[in-house]
Structure formats: structure tokens, C-alpha cells
1. Does the stretch 260-283 contain any residue that is out of contact with any helix residue (DSSP H, G or I) (no Cβ under 8 Å at 6 or more places or on another chain) and more than 27 Å from GLU317 (Cα to Cα)?
2. Looking for something closer than 21 Å to VAL281 by Cβ, surrounded by fewer than 16 Cβ atoms within 10 Å (Cβ to Cβ) and away from the ligand (no atom under 16 Å from the Cβ) - is there at least one such residue anywhere in the stretch 369-380?
3. For the stretch 296-305, indicate whether the set of residues that are surrounded by 20 or more Cβ atoms within 10 Å (Cβ to Cβ) and over 15 Å from the mean Cα position of the chain (by Cα) is non-empty.
4. Could you tell me which residue of the stretch 338-364 is surrounded by the most Cβ atoms within 10 Å (Cβ to Cβ), considering only residues that are touching a Pro at 6+ places or on another chain (Cβ under 9 Å) and over 24 Å from LEU305 (Cβ atoms)?
5. Scanning the stretch 323-367 for residues that are among the aliphatic types (A, V, I, L, M), touching a strand residue (DSSP E or B) at 6+ places or on another chain (Cβ under 6 Å) and over 12 Å from VAL295 (Cβ atoms), which turns out nearest to the ligand (Cβ to nearest atom)?
Amino acid sequence: MLSQIKSSGLLGVNGVIVTVEIDISRGLPSYSLVGLPDTGIKESKDRVFSAVKNNGFKYPMERITINLAPADLKKEGPAFDLAIALGILSASDQLTWDHPENYLVIGELSLSGEIRSVNGVLPMVLAAKEAGISNVLVPFVNRHEAAVVQDVNVYPLTDFHEAVSFLKNELIIEPFTVDLTALLTTENSCHSIDFSDIRGQDLAKRGLEIAAAGAHNVLMSGPPGSGKTMLAKGFPSILPDLTLDEALEITKIHSISGLLKNHSIISKRPFRSPHHTISKVSLVGGGRIPKPGEVSLAHLGVLFLDELPEFQKSALEVLRQPIEDQEVTISRINASLTFPASFTLITSMNPCPCGYLTDPAHECICTPQQIKNYQGKISGPLMDRLDIFVEIPSTSYDELQTKPKGESETSLAIKRRVDAARERQNQRYQDLDIFYNAQLTPKLMETFCHLGPAEEILMEKVYTKMKLSARGYHRILKLARTIADLDGSETIEISHLSEAIQYRGMTRLS
Ligand SMILES: [Zn+2]
């Protein structure tokens, strides 16, 4: 007899409905699995056999053929166990239930029949919804992320026996639900570091405000202990709140990476700060079963690279593609996968190997050649993709003592200006497929970064004096556009340009 159970696989960050077809026919006992399964699925044979036996059911000693359709999709992982086991009971007349085509079944089985969690449940349930499937059976541990998907009944299950009793209507299980609005509002508002906790550093804070407003990338340079890390960690607190769609996109990536734990939805912008020893693959993604890298885990949030020159040159080079394309493409034998990777890059470095080149309180012990080599570790093309350079001075003891804590502006006050500037950009670009100034192309800049005669003269002078490249010139214009947006001005004025030029400083580096 033939049975068909719906389950789901993954392609990149999306779920794909997979039909598990099971045919049991007379013949010598055998078990064959077709439809591009990986070894994880092939091992399901033993798990399914034990789970069926250990829960008091009969394992058919006949010819069992299992086909996973569509055949051209490579299937990975143990998420099909539960579907296969239920299919075997169904094909051997031990289980019947109404409208099996209206159920999606996800879960790994242990030998005793316990249903174990799997990665990627959220995108799988989203795929069920898109396919018009209204009931999903999910591992109990994954119930929170599954319930994020509205208008689908989510039934959390702990073991195989429970699953069978539920389908036979011998056991009532209420669909699991979560309150999405409440989840989004509570988490969006809590941040570990507030800008008012950081004293002084007004120029750096202003640089980060501009970065947040226009989604520009930042390089901070300063001696050890000047507060670069604190500033970077405070950055998410001035970014706009996530929308539900953005939160879902981020949660999908964390779901397939198995990083959700008991969270239902990630409602804060991610802040990822990988160590400088990170490999190329961990940074941009890849591997035998391709996993998203740090650039994708930082999607719609912040990727912070502390001590930028310490990173492997090869790792920094592979960053260029995601910075440019806002996604990562991983080539595979059967198909290429794409993971989203739209992040703000915040980087920091010491000005020299010893760190004290720009610190009046310490003496730098580096030779000019050492300084040149150190700064040269960051390639020109990567440097070209950083928009805002901020020198962070060391905070002197006097400054720390004299500035009372209350004097610093709170993150919320800064965030309000950022929100307003983003809103201006949203309205300006509503008919285009860009959202913020960092995405402006040279062609679009002709329309949106128009300069008056006096501003033209200033830019001409700067262009010659700073020996700017075309890219550098465009970068100043984009920054000036963001500064004007923060100022509530539709035209770019001299004051906006001058401030933008300031952040192209550090000429010895660029
Ligand atoms: Zn030094």
C-alpha cells in the first residue's frame, strides 16, 4: 500500500515542501530510500525501526520503498524521521486519519521514539502556510518559532506515541500560540549599552548617528581603552526598531542555524562580533551542508570587527562581495544557495601596532615602517567600502572626572533623529528599490544629491586637495545626503558637505 505524508526540507533560508511517499509491497524485507537523501536521512532507517517497535507498533517485514519528492532537491538532516515513521504505519494499515494532505510533519526521532528538535522549523512552517497546509506537527522544543506563523495550527509533540494518538483522535492537543505584538514590543526596547553611559566622545557618537541614519559603514581608530568597543556595542540602541517582516527574516536565518533555543522570534537587531581568528567559511558561510556565516547572522543588524588589521587577509577579502551585494551566494554541485547579508559594518583598529600613536599620554614605540605595514593590512578595496572614519581620542582622566554622567545624550534621543532621517529616505525612495542613502548608485546621486553652485566649488577644491577617487567623491556626497536628512533639509548645504568631508579624514589611511 502507498502512503503520502508532507514534510519539509530547506533551500537556503526557505522551506520547501517535500512529499514523503512510502510504498510497502510483498517481497524480501528491504528498505530503500530514493530522492537525493544525504547520509543523515539514510540513517533514519535505524531510528525509525526502533521508534516504531519501541512504541508498540508492528514494523512491516516487507519491501519498503521511500521516495522523497521533488527528486531534484537535495535533502539534508533528520527532519523527515517522523514523517517516514508515520508513513510506514499508514502504509501498513496501522494508522488512518482525515486529510493527511492537510498536515505537515517535522521531527527527528530518537530510538525510543522521543521527537527531537530540528533546525529550520520557522521557514518550514512558513512554507506550509504558503502551500495552504493548515496543520503542522512540530517537535515540542520548536513550538515557539513555529507559532510565529499565523493562521496555521501548530501542534507540539514530545514523542511518537503521542503523535499517533493525536492523529487517531485519541488525544486532544490544543494548537500552540504566541502573542507576536507583545514579543516585538518588549524586546525592541532593551539594550545593554546606552550612549549616555559613554562619557565624552561626541565626534564618534555623531559619526555613529550618521552611520545609523544612512546605513553607512564605519572605521574607528584609537588607542586601547578609548572606548571603541563600548561605542560599537551601543550602536544597535540608536538603530530603528525592527518591523515584523524584518524580525521574521532574521529569525529564519537563526532558525536554520539552530540558534533560536527557546526564542520564538528575534526582535532585536543582531550584533555579531566574531573573533579575529575566524575562518573565511564561518565569516561568509558555506561548508558541506551550507550554513549561514556571521555576515548573514548579522543580517539587518551590525557586524562588528574589532582589531580589523588582525583578521586574516583572505577573510577580509571575502567580505567585499556581501558588502556590495547585501547577500552571499554559495555555489554547490546541484544548485547555488543565497543567504541574505545586509548589515552595517562597524570596524575598529589601533592606529599602530603598539596602539599609542595618537595618544598624548603614552609614547608610541613603533617604527614608521611598522605603522605603514600595520595600516596596509587593510586592502584599498575594503577601505573604499568604509564610509565614515572616526578618530577616537583617549579620554583623559580630567575629562572623566569633570563631565557629569547626566550630560550625555541618551540613545533614545539620538534614535528619534535617526528615525526621522530614515523616514525622509523612505519617502524619497518609495518608488525605487532602495531604502537608504548608502544604497545610492552614481546614477541616482545625480537626481538626489544635487549641489548648488557654492557647494560645487567646495567639492571641486576638496576633490583636488584630497586626491579623491571617484568612489571617494561619491561617498562624501552620500554622507552629506544623510547629514542633510538628519538636519531635515532636502537640499545639501555647505555645512552638510563640510561635516561629511571631516569623516573622510585619516588621509594617511585612505
Ligand atoms: Zn605605536
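1. Checked the stretch 260-283: at least one residue is out of contact with any helix residue (DSSP H, G or I) (no Cβ under 8 Å at 6 or more places or on another chain) and more than 27 Å from GLU317 (Cα to Cα).
2. yes
3. yes
4. The qualifying residue surrounded by the most Cβ atoms within 10 Å (Cβ to Cβ) is HIS362.
5. MET349
Matching residues to (1) of a type in the set (Lys, Arg); (2) under 19 Å from the mean Cα position of the chain (by Cα); (3) closer than 25 Å to LEU10 by Cα:
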residue: ALA212; (1), (2), (3): no, yes, no
residue: SER226; (1), (2), (3): no, no, no
residue: HIS254; (1), (2), (3): no, yes, yes
residue: PRO270; (1), (2), (3): no, yes, yes
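A quick yes/no check of all residues on (1) modelled with pLDDT of 95 or more; (2) outside any helix (DSSP H, G or I):
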{"residue": "ILE115", "(1), (2)": "yes, yes"}
{"residue": "VAL118", "(1), (2)": "no, yes"}
{"residue": "VAL125", "(1), (2)": "yes, no"}
{"residue": "LEU137", "(1), (2)": "yes, yes"}
{"residue": "GLU145", "(1), (2)": "no, no"}
{"residue": "PRO156", "(1), (2)": "yes, yes"}
{"residue": "GLU162", "(1), (2)": "yes, no"}
{"residue": "PHE166", "(1), (2)": "yes, no"}
{"residue": "ASN169", "(1), (2)": "no, yes"}
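A quick yes/no check of all residues on (1) under 17 Å from GLY200 (Cα atoms); (2) without any contact (Cβ under 8 Å) to a residue 60 or more places away in the chain; (3) of a type in the set (Gly, Ala, Ser); (4) surrounded by fewer than 23 Cβ atoms within 10 Å (Cβ to Cβ):
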position: LEU219; (1), (2), (3), (4): no, no, no, no
position: PRO224; (1), (2), (3), (4): yes, no, no, yes
position: LYS228; (1), (2), (3), (4): yes, no, no, no
position: LYS233; (1), (2), (3), (4): yes, no, no, yes
position: PRO236; (1), (2), (3), (4): no, no, no, yes
position: THR243; (1), (2), (3), (4): no, yes, no, yes
position: LEU248; (1), (2), (3), (4): no, no, no, yes
position: SER257; (1), (2), (3), (4): no, no, yes, yes
position: HIS263; (1), (2), (3), (4): no, no, no, yes
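The values are calculated or read from the model by the stated rules, or taken from the named source; none is laboratory data. Predicted model, so just to flag it, every value in this text is computed and none were measured. Note that we place each Cβ from the backbone using ideal geometry, even for glycine, and neighbour counts take in every protein chain shown.
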